[in-house]
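In what follows, a structure is listed as structure tokens, so that the remarks can point back to it.
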Amino acid sequence: MTYQTSVPTVKDSYPSSGYGDDLAIAALWLGLAQNDSSLVGQAKGYFDQFQLGKQLPDSVFNWDSVLPGIPILATQISQSYPQLGGDGWQPEAEAYLDRIVSGKGEGKLTKGMIVLGVPMRC
């Protein structure tokens, strides 16, 4: 259930597009904190269940969406803690960042810094 469904009075000021990305990134962080490969694997399950890969090319990292952080964090976990799994995310992470660097993604590149989110307009 999205936040504005639970608390309807916030629908105009704090709408949520979904929670699948939150479940996936939470599973990654918990898997890392607990040293639990099954939680890291759960993140992939959420990513697939909510079809987040289809949304990734046009997503930004902001208060509503942590989607771009999922493949980036999973790649960092798989490289730093191979016993936790998380393999297979690197191409997804690189493709996302390549789109930003080439100017084809929703994020912006400014003087050597990547801005993953575009500010919301109220």
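Read the figures in this text as sums done on the coordinates, not as results from a lab. Computed from a predicted model, the values in this text were never measured in an experiment. Cβ coordinates were reconstructed from backbone atoms using ideal geometry, including for glycine residues, and neighbour counts include every protein chain displayed.
Filter region 30-56 down to the residues that are surrounded by 14 or more Cβ atoms within 10 Å (Cβ to Cβ), over 21 Å from Met1 (Cβ atoms) and over 10 Å from the mean Cα position of the chain (by Cα) and list them by number. Working first, answer last.
The first filter runs over region 30-56 and keeps only residues surrounded by 14 or more Cβ atoms within 10 Å (Cβ to Cβ), leaving 30-32, 36-37, 39-44, 46-47, 50, 52, 55-56.
Applying the additional criterion that residues be over 21 Å from Met1 (Cβ atoms) yields 31-32, 36-37, 39-41, 44, 56.
Listed by number, the residues that qualify are Gly31, Leu32, Asp36, Ser37, Leu39, Val40, Gly41, Lys44.
Please list, ordered by first then second residue, the pairs with beta carbon atoms under 6 Å, 6 or more apart or interchain, first in region 62-84 and at positive phi, second of a type outside the set (Gly, Ala, Ser) and in a loop (DSSP other than H, G, I, E, B).
none
So in region 81-98, with the set limited to residues that are within 13 Å of Ser37 (Cα to Cα) and not aliphatic (A, V, I, L, M), which one is surrounded by the fewest Cβ atoms within 10 Å (Cβ to Cβ)? Can you show your working first?
Taking region 81-98 first, the residues within 13 Å of Ser37 (Cα to Cα) are 81-87.
Subset that is not aliphatic (A, V, I, L, M): 81-83, 85-87.
Details: Tyr81: 15, Pro82: 11, Gln83: 8, Gly85: 20, Gly86: 25, Asp87: 14.
Result: Gln83.
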